[in-house]
Structure formats: structure tokens, C-alpha cells
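Encoded as C-alpha cells, the structure appears first; notes follow it.
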Amino acid sequence: MPMNEYRLNKIPFLLAVCCILAGYVIGKSTPIDTGPAGAPEHAADANTLLPRVFLDGHDEWKSIIGTNLNVCTVLLTGGLSLGFMSMANLAWIGLSTGWVVRSALESGMSWERVAALTLPHGLLELAGFAMMAAVGCEGFVIVYRKLRYDDWSFSLDRISLNFRRLTMGLLLVLAASLVETYITGQIAAIFN
Amino acid sequence: MHNPGWMVDRISSIGMKGSIWIGLSVFVTYLITNVLTVHMMFRSIIEQLPDQLASAYDQVLTIMSISMSVGVVFGDIVTFILGWAFIAIAVMLLNGRRNHRALFGWLSIGYLPLALYSACAVMFLVLFSDAMAHKGLTSITTIEELPAEIGRMQDSGWLGWVRLGRYLAYGLTLAVACEVVHRLSALSRLKCAGILSAYAGLHVFITTILF
């Protein structure tokens, strides 16, 4: 495989991971006021803000997988903006994760408990999202190859690579939703 | 008699690679100036809000400002890429000359009127920041009233002219794009105008549905 092609295959995934990490670092180091100061009165209603906390078992899993598949769709449609939108979305996901971790630690929760609540499903979920965003970057690869080499053609290798990314991404997101529903809570309970 | 100093000759001597690089730089300039315009308008709106609202929603408004700027950039990239693909497919279907790379370069050079407009808008916002003052913004009591008030602000005074200038820049960009497609794809101007108005219509239709 030519070096340039090898780079085109590897860079999207590495870039996706870097975007998540950059977002996480910024979120972790930026204080944010998470209280509803000045928010309308109905915002204090927990039922409006987090309907998921009242769900359990299969219903919770359905809610989680629905949200994750929505995120996957957004990451894939980022291909239309040459993958930039996917990368910005990943950075935003990393940023929100960083804010949540910081907020939990500041509220007095131990870091073991925070890790138990986020890592088991978080690693799988973020890896899945990174795979999806790498597929979203294919838009950039197509335009780059056309402008540089005047070539629209899709090699079988690239199609197979993107199919593998897509399948692996979906499997990881599915596994993450199952872990989040049935395992994360059990692990976190150990650190009570 | 051929005169190499003529502007037309200089433009026609730009090669494929040159057109792509010049086009990309024009497009990126447009994106930067457009983001600056959006950001400066947003900052001006935040400054005019009552202190109580501005301090309560400080972080929310900052995040809204960033997400709006990012959304504008990605929206413009998507519009350009889809437009290029739409025109390339339409030219193929109408048996025009296939010249996709040159089309990419010259269509992005066609963003020059929009880039100039955005640069002028930035200069206007810097030099005449007082013209942005809108009484309605200082008297709102809840954040829910903000979107409607921003709408009223954009239609009033100098900002109404800024909006009109934007439509003019869009019109000029479409006219340049029409000429570019006509020259590069060897299609009649009428067909090119048809292709571009079909894309513009589709774009407006989808934008109206989505937002």
C-alpha cells in the first residue's frame, strides 16, 4: 500500500481520537456553572431535564441506544461538510464529558466512583463514535482524491475499510449501551 | 491585437492548480469574515441585554455564540460542496464538458462578492458599532423574548441595509457561478441559469423546512 494511501486510512481515526481528547481536556480544565441560575422556573423540574433517570432495564436501554444512534447519524452526515462537522461534534462530546467529570469531582464524589460510572461504557461508546466520525471523514478523502489525482474511483480496499469502520462502530455503540444499562451501575455500586 | 496586460487575459491564464488554490483562499477568507460578522453581532447583542439577564445566561450565551459561528461555517461548507456536486451531476446529465476540478476552483473563486460583502460588514460593525443599538433589546425581561427581538433588530435601521447587501452579494455570486459554469461546461447561459436557480431553490426550500 502506498504511504499516502496508508496515511489517508489511518489519519481520520487518529484525528477523531485527538478531537475527543482535546475536547475532554478543555472541558476538564474549564469551570462551568451547572446550576440553573436565572433559568426559567420549569427548568428546575427534574422530570423535564432528565426523563431517563426514571427509566430502568429495557426502557433505559432503548433510550440510551436511541440517543447513541442519533449521535452516530449526526457523525455520519458530517461527511457532507468533509468531516469537519463530525470532528466538531466529537470535540463537543469530549467537552461535555470533561465538564461532567469535573462537576462530579467538585461535588465531592471520589475519582474511583466517577471512573466506575464513566469508563466501562464510555470507552466503548467513544471508540464507536470515533469509528463513525472516521467514516464521516470519507467526504474529505473523496474530494481530496478528486482534486489532487482527478480520480472519482472507489478502490475495493477503501469500501472494505469503511464497511469495517461502520460495522465496528455500530457494534461498539451497541455494546456500550448494554454495558451502560446493565453493568455500569453494578460496578459503581461497589464504590458506594 | 493581443495585450498580455489585459485583466481578462490574466484571468484566463490561471491554470487548474492555481484556480483551486485561489478559490480555496477566497472561500476560507469568506468563512473567516462571515464568522467574524456573526460573532461581533452576537457580542453586540449580549452587551445590550439587561445586566441581570446577561450575567444569568453568560455561559449559555457564550456557548450559543460559539455554536452559531461553527454552524455558519459548516453550513457554508455543506452548501458549497453540495452545490459543486449538484452542478457537476447536472452538467453530466446535460452532456456538457466534464471539468469537475476547474469547476471546483472557479466556483469557489465565485465566492468573491460574498467575501467582499462580509469584509465590508465587519468593517461596518467595527467602525459604526453604535448603529447596532436597538432599544428593544435593553427592555426584554425573559430570555424567551430574545429570538423575536433579534429578528426585529435585523430588519431595522442600518442592519436592514446590511441584510439587503447580503442578498445582493448572493445574487452576484450566483451570476458569477452562472458564467463560470457556462464557460467551463460549454452549456448555454440559459441552461446554467436553470441549474443554479434549481439548486438555489432547493437550498432555500430545505433551509426553510429545517429551520
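The values are calculated or read from the model by the stated rules, or taken from the named source; none is laboratory data. The structure presented is a predicted model; accordingly, all values stated were derived computationally and were not measured. As a convention, Cβ positions derive from the backbone with ideal geometry for all residues, glycine included, and neighbour counts pool all protein chains shown. Keep in mind that these areas ignore ligands, DNA and RNA; they rest on the heavy atoms of the full protein, side chains included. Shrake-Rupley method; radii C 1.70, N 1.55, O 1.52, S 1.80 Å.
Considering B:Ile77, B:Ile22, the condition of being modelled with pLDDT of 90 or more and either open to solvent by 30 Å² or more (accessible area, probe 1.4 Å) or more than 10 Å from every other protein chain (Cβ to nearest Cβ) (or both) is satisfied by B:Ile22 alone. Residues being among the polar types (S, T, N, Q), open to solvent by less than 30 Å² (accessible area, probe 1.4 Å), within 22 Å of the chain's Cα centre (by Cα) and within 14 Å of chain A (Cβ to nearest Cβ) are represented in region B:106-124 by at least one member.
So, of the residues in region A:145-163 that are open to solvent by less than 60 Å² (accessible area, probe 1.4 Å) and within 14 Å of chain B (Cβ to nearest Cβ), which turns out to be nearest to B:Ala102 (Cα to Cα)? Break it down stepwise before answering.
So the first thing to find is which residues in region A:145-163 are open to solvent by less than 60 Å² (accessible area, probe 1.4 Å), and the list is A:145-147, A:151, A:155, A:158, A:160-162.
Those left that are additionally within 14 Å of chain B (Cβ to nearest Cβ): A:145-147, A:151.
Details: A:Arg145: 14, A:Lys146: 11, A:Leu147: 9, A:Asp151: 14 Å.
The qualifying residue nearest to B:Ala102 (Cα to Cα) is A:Leu147.
Would you check if B:Ala115 is in a helix (DSSP H, G or I) and over 30 Å from B:Glu149 (Cβ atoms)?
Values: in a helix (DSSP H, G or I): yes; over 30 Å from B:Glu149 (Cβ atoms): no.
No: the conditions fail for B:Ala115.
Note on region B:80-102: residues that are more than 11 Å from chain A (Cβ to nearest Cβ), of a type outside the set (Phe, Trp, Tyr) and either part of a loop (DSSP other than H, G, I, E, B) or touching a residue at least 24 places away in the same chain (Cβ under 8 Å) (or both) amount to 8.
Taking the condition of being closer than 15 Å to B:Tyr30 by Cβ and open to solvent by 40 Å² or more (accessible area, probe 1.4 Å), how many residues in region B:169-183 meet it?
Going through region B:169-183 one residue at a time, the tally reaches 4.
What about B:Arg189, is it modelled with pLDDT of 90 or more, over 20 Å from B:Phe27 (Cβ atoms) and open to solvent by 40 Å² or more (accessible area, probe 1.4 Å)? Yes. Among the residues of region B:94-102, are any open to solvent by 40 Å² or more (accessible area, probe 1.4 Å), at pLDDT 90 or above, more than 17 Å from the chain's Cα centre (by Cα) and aliphatic (A, V, I, L, M)? Yes, region B:94-102 contains at least one residue that is open to solvent by 40 Å² or more (accessible area, probe 1.4 Å), at pLDDT 90 or above, more than 17 Å from the chain's Cα centre (by Cα) and aliphatic (A, V, I, L, M). For region B:35-59: of the residues being touching a residue at least 24 places away in the same chain (Cβ under 8 Å) and open to solvent by 70 Å² or more (accessible area, probe 1.4 Å), which is nearest to the other protein chains (Cβ to nearest Cβ)? Once the filter is applied, the top-ranked residue is B:His39.
Which pairs turn up if I take residues in region B:127-140 that are at pLDDT below 75 and look for partners that are open to solvent by 80 Å² or more (accessible area, probe 1.4 Å) with beta carbon separation below 6 Å, at least 6 apart in sequence or on another chain? That search, which allows pairs on different chains as well, returns B:Ala131/B:Trp158. Which residues, taken from region A:57-115, are over 28 Å from A:Ala189 (Cα atoms), within 11 Å of chain B (Cβ to nearest Cβ) and open to solvent by less than 60 Å² (accessible area, probe 1.4 Å)? Listed by number, the residues that qualify are A:Gly78, A:Gly79, A:Ser81, A:Leu82, A:Gly83, A:Met85, A:Ser86, A:Met87, A:Ala88, A:Asn89, A:Ala91. Taken as a whole, the structure leaves A:Met132 outside the set of residues that are more than 14 Å from chain B (Cβ to nearest Cβ), open to solvent by 40 Å² or more (accessible area, probe 1.4 Å), within 21 Å of A:Lys10 (Cβ to Cβ) and touching a helix residue (DSSP H, G or I) at 6+ places or on another chain (Cβ under 7 Å). Among the residues making up region B:151-168, those that are open to solvent by less than 60 Å² (accessible area, probe 1.4 Å) and in contact with a Phe, Trp or Tyr (Cβ under 9 Å, 6 or more places away or on another chain) are B:Val162, B:Gly165, B:Arg166.
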